[in-house]
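Accompanying notes for the structure given below.
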Amino acid sequence: MQFVARDEAAKQVLDTAFEIEGFARHAGTHAAGVVISEEPLTDIVPLQRVARDETSVMVQHPMSDVEALGLLKVDFLGLRNLDVIEETLETIRESGGEEPDIRTIPLDDEKTLRLFARGDTFGVFQFESSGMQRMLQEVRPDRFDDLVALNALYRPGPMDYIPTFKRGKHDPESVKYLDERLKPILEPTYGVAAYQEQLMEISKTLGGFSPGEADTLRKAIGKKNAAMLATLRDKFMAGCEASGVSVEGAGELWNWMEKAGGYSFNKSHSACYSFLAFQTAYLKAHYPEAYMAALMSSVMNTKDRVPQYVAEARAMKIEVLPPDVNESGRRFTVVGDTIRFGLSAVKNVGDSCVDSIIAARKEAGPFEDIFDFCERVDSKTYNKRTLESLIKCGAFDNVGPSRAAMVAVHAKAVERSTSGLKGASEDQFSMFDAAELAPPKPEFPDVEADKRTDLEWEKETLGLYVSDHPLRPVLHKLKKHTDTTVSELEGYRDGAVVWVGGLATSVRTNTTRKGDMMAMLQLDDTRGLAEVMVFPRVYARCAGCVREDAVLKVRGKVEMKEGIPRIVALEMEELHLEPGADPVYLDAGVFVGLSREAAREAFGLLRRHPGESPLFLVSGDGMSEKIGGISDTSDLHAELKQLLGPRCLSYTSPVAEPEMEQVS
């Protein structure tokens, strides 16, 4: 302030800052908020046009002022998941299957509840994050009410009580109450205040609040209004004292209120979301192909989500196939027990071309080859690049030779159709058939298929490897070097340090102003793509492994850029992984205290998954004994972890401690 007193320019800047402090920086529009009034809004609040949308208007007051004026503000949320459900049901109908009444599905359906209990919820509304999946595996919910409570608890603040909920769920006798009057309020959620309604009831029963005061508490919690919440503290503490609650107990109860003020659901909100989640999980469990196809179609325009859902479908033993000109529709399509890529997902293929392909197919049946395709599809809807993309992605694999052979003649195929069969005007008369006017079909060259080239073409035209992935034979080994996957990075806080691994693609190198080399690349781990920044200091140490197609493990810092995570590399190493089975180690300690029925079920599960991976039982002193061979799959891991706990399996053998010699 002494500097400001001496400097006139600084004083003017500070005075101006004081004048504009608290003013709105810009006019923002709520994504789904609608203001409703029984009188014309122009008589109550000032309005203005919405930027970039001259047909819409918005109020100039902020949300809190609108509500203070007595106007009703309603948020109409649009959920992609509702479209996914509807498309799944439509696919079931079209395939001749028995369509379920999705509104009346049984909420005690065992198959769906088992899906939740093993954390197999990628693609399930509200429960698909890696943190949610871990929570489900630990809590192992077995009823719908558990899902409602967990959905409400997995929020900043209340999530601190998830371990208490888990303990109470597995051991109801361990649940303790600060006051016996809390039991009827908290017993359904194992002693945890999961909902706003429970906090309201506590405030009335123990804090002496009237219904109106309890509703004010709900508003303060629901709106995260810390100032309003603070005004209720003294009233609550006094009410607790009057009802016989100790000072310490009242303080603990108020701590619940403050934590809920960070983020708390009301039960009706959580129940609605959980019901929608249960519907999506039900469809995933009972109609996996139809549901995953609809899920992929819903994210066709996002380059990061499609690979994740394709990988999830494959983990569910559903084969995902490249597009096919004779089987694919506009979106992802169920064909038998497989899913076909949609034609609209192909680069350089427009909607008009897709419509023309489907129309030609309906009119005259399947296409015989690329020449038949060019003759029958409207030439105005495609060009050479379109046909090349369709060939490269695999859309003609079932009606032609190798992709390389078809690419070699694709330009002639297009020229032949436009100059010959479709070159003549329809109002011209000719003594010859159109087929006689067409140039002869060129011969396909004898070019053998190259798997690696075909995969690169798929990546180029579809944004991901489809028919196979270079990492797939060694993916189980890559997982041993990482602690998370690319798709799980969204669940990490900004600045978290993680180990990730994958195939290096789209590698680019740059020179900084100082003349140092740095690199940017994408890491593909079959579940998705992550951008990795390699700054000069790290690049100098690992320049040799920063190249296309290198299998890398990267230790890096998560950095959120416009909500999208990327990795700033701290260290990097190339991995040389060979296909083949690796041993799996089962901790014998997990059977201590386990019921005989659970142990029998665990070993029965192992017997139902025979395979080539040696299975060793490891004792507490590090000694191990081979007990058989298993098929090392994610499904087996998930089911075993559900039965025996999240740390029952590992890929590394503990080293037995050497016995110490006794010295006399």
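Values in this text are rule-based calculations from the coordinates and carry no lab data. These figures come from a predicted structure and were not determined experimentally. Here Cβ is always computed from backbone atoms with ideal geometry, including for glycine, and neighbour counts include all displayed protein chains.
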With Cα atoms, 0 to 90° folded angle of helix 8-20 axis to the chain main axis: 90 degrees
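Rounded, prolate or oblate: which fits region 123-232, taking a ≥ b ≥ c as square roots of the Cα gyration tensor eigenvalues, rounded meaning a/c under 1.5, else prolate when a/b beats b/c?
Because a/c hits 1.5 or more and a/b fails to exceed b/c, region 123-232 counts as oblate.
Please express the shape of region 69-150 as an equivalent ellipsoid: the semi-axes are the square roots of 5 times the eigenvalues of the C-alpha gyration tensor, given largest first in whole angstrom. Mind showing how you got there, number by number?
Numbers: eigenvalues 121, 107, 34 Å².
Its equivalent ellipsoid spans semi-axes of 25, 23, 13 Å.
Using only Cα atoms, what is the ratio of the radius of gyration of region 463-574 to 2.2 N^0.38 Å?
Dividing the Cα Rg of region 463-574 by 2.2 N^0.38 Å gives 1.02.
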Nearby lysines by direct alpha-carbon distance to residue 477 (threshold 18 angstrom, same-chain neighbours under 8 apart not counted): 553
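Quick one: compute the contact order of region 106-215, relative version, from alpha carbon pairs under 8 angstrom and 6+ residues apart, as a percent.
18 percent
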Cα-based equivalent ellipsoid, region 549-591: semi-axes from gyration tensor eigenvalues, Å: 31, 20, 10
Inter-probe distance in nm under a simple model that places probes 7 Å from Cα toward Cβ, at residue 381 and residue 24: 4.7 nm
Cross-link pairs beyond the 31 Å C-alpha cut-off, checked among 224/303; 480/557; 267/479: 224/303; 267/479
Acute angle (nearest 10 degrees) that the helix 267-286 long axis makes with the longest principal axis of the chain, alpha-carbon atoms: 30 degrees
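Given the -39500 (n - 2.57) contribution per DSSP H run of 4+ residues, what per-residue ellipticity at 222 nm results for the chain, rounded to the nearest 500 deg cm²/dmol? Kindly include the intermediate steps, with their values, before the conclusion.
Working: 27 runs with 270 residues, N = 664.
Computed mean residue ellipticity for the chain: -12000 deg cm²/dmol.
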Isotropically averaged projected area of the chain, using the convex hull of Cα atoms (one quarter of hull area), nm²: 49.3 nm²
Amide H contacts under 5 Å for residue 57, placed H, 5+ residues apart: 50
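Taking the highest mean first, how do the peptides 372-383, 35-46, 175-186 order by number of other beta carbon atoms within 10 angstrom per residue? All intermediate terms of the calculation are to be shown ahead of the outcome.
Numbers: 372-383: 18.8, 35-46: 11.7, 175-186: 15.1.
In decreasing order of mean packing, 372-383, 35-46, 175-186 become 372-383, 175-186, 35-46.
If you wrap a convex hull around the Cα atoms of region 299-419, how much volume per residue is inside, in Å³?
Values: hull volume 12.3 nm³, N = 121.
Here the figure is 102 Å³ per residue.
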Trypsin sites (Lys or Arg not before Pro) within region 43-110, DSSP loop, no more than 10 other Cβ atoms inside 10 Å: 52
Descending Cα extents along the principal axes, region 198-299, whole Å: 60, 25, 24
The chain - percent relative contact order, Cα under 8 Å, separation 6 or more: 8 percent
